[in-house]
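The values are calculated or read from the model by the stated rules, or taken from the named source; none is laboratory data. Nothing here was measured: the structure is a model prediction, and the numbers come from that model. Neighbour counts run over all protein chains shown; Cβ positions are idealised from the backbone, glycine included.
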Amino acid sequence: MSKKTFEQLREQRLAANEKLGDIYVKAANRELTSEEQMEVTNLTREIEMCEREMKGINLEVSNQQATAHRALAQKGEQFREMLKAVRNGKADREILLRPDGDGNVTANITASGAINLSIHEMIPTLHEGLGLPEGLRMVTGVTGNEVWPVSINDVEMEEPGEVEALTDQVLDFASITPTAYRVGLTVPVSNMAIDNAAFDLMAFVQTKFGIAMRIYLAKKIYSQASWLKNKGPFGGATPKEIVLGADAYANILQAVAEFSDKGFYEGNVCISMDRVTEAALKATPKIAGAAGGFVIENGLCAGYPYTVSHFVNTTLNSANQLVNTADRYIEIGYWEWFALQQHGEVRLTIDATSQAVAKKNITAITLNSAISMTDLSKYINGANNTTQAFALYKIVEAEPTTA
């Protein structure tokens, strides 16, 4: 019997999760029957088996990549070690210096009486939650006008009499067009700073540009903020409620299963949350009193991929600034229904010669592009500009039980 591929295992795990969700939905207001409990146990074992084999495949691929990286790294290892030794003072680095009144041009810093200066590695800024959801793809270099036609309703069979006329039924259509908004930033850098910096200042600034784009995408995609221009599927959304206590596993599966009622049987479900929620779910058993594992384990949440970002809990205040909310949320979405596109060229301009910068003795680094974010599910199933493939959930406490 041939070994299953990662994709086959993922599909098997997804099917088992769907069946598990259906069981919990059917038994939402009653206890599970013995047959249902047995099926839950079998499905849970099947999911765990798939996860173990998928983890093994990932480990095998990682080992192959690590071997390739080690072979490549050996070529520059000796040179890097030499530079590191020089930087840490473990190798000689003589600097020609003429102290006052001393004709010895071979004197080093110590002999000259100057103070030694140790420059450590630069402390970077810290960023969390910049990973994008599984299933979301960014299309680059889009040109021209795009239109997604949408069928927004269906027709129904009738049972008229033998000679009665059928009722005219109308098929309605809508169209979705992306709206691209210009994005960009510019940073003026002193030419003297570039000449005197102890590191590649220009490369450092350009690296910051890449981080700025990642922050832009993450906060737009995850935040609940009602942005005026580009915004993700949760921007301005009205949250539902979900309890993530002892029944967290069943409640998450039930929330995912609700998408099946809308026709979302296939696709890449991805759940998003903050670090606090992730930590709690890592310690929450799937089934109370049973040795069935935890809600989050093996890099999956209730069997589904997930991402972590503090932007999930953010919105805009009255001053139009991004702030954290008082509550915590989780987000569930089918991200293949979200079109993230970069339009035209990404222009990175370095200007050191124009009159505007020359008279200030600066070099201006400028990035210009255009980005569009389009929810393709907002008209299906007769929805009127309301997302169907994404849902925002406010985490609430379970209602107290009465004896």
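Taken over the range 360-384, the criterion of being part of a loop (DSSP other than H, G, I, E, B) and within 27 Å of THR140 (Cβ to Cβ) is satisfied by LEU376, SER377, LYS378, TYR379.
Residues to consider are GLY210, GLY236; find the one that is small (Gly, Ala, Ser) and either part of a loop (DSSP other than H, G, I, E, B) or buried (at least 20 other Cβ atoms within 10 Å of the Cβ) (or both). Break it down stepwise before answering.
On the way: GLY210 fails: either part of a loop (DSSP other than H, G, I, E, B) or buried (at least 20 other Cβ atoms within 10 Å of the Cβ) (or both).
Result of the check over GLY210, GLY236: GLY236.
Every residue, every condition in (1) touching a residue at least 60 places away in the same chain (Cβ under 8 Å); (2) assigned by TED's automatic domain parsing to the domain that holds VAL243; (3) polar (S, T, N, Q); (4) within 30 Å of GLY144 (Cβ to Cβ), yes or no:
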| residue | (1), (2), (3), (4) |
| --- | --- |
| PHE294 | no, yes, no, no |
| PHE311 | yes, yes, no, no |
| LEU316 | yes, yes, no, no |
| VAL323 | no, yes, no, no |
| ALA326 | no, yes, no, no |
| LEU376 | yes, yes, no, yes |
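Only one of the numbered conditions (1) over 30 Å from GLU7 (Cβ atoms); (2) surrounded by 15 or more Cβ atoms within 10 Å (Cβ to Cβ); (3) not basic (Lys, Arg) is not met by THR386, and that is (2).
Take the residues in the range 345-359 that are assigned to a loop (DSSP other than H, G, I, E, B) and either in contact with a Cys (Cβ under 9 Å, 6 or more places away or on another chain) or free of Cβ contacts under 8 Å to residues at least 60 places away in the same chain (or both); name whichever of them is farthest from TYR181 (Cα to Cα). Among those residues, the one meeting the criterion is LYS359.
Residue count for the range 353-369 satisfying the condition of being closer than 23 Å to LEU217 by Cβ and either crowded, with 19+ Cβ neighbours inside 10 Å or among the basic types (Lys, Arg) (or both): 1. Only a single criterion out of (1) closer than 19 Å to ALA250 by Cα; (2) crowded, with 17+ Cβ neighbours inside 10 Å is not satisfied by GLU35, namely (2).
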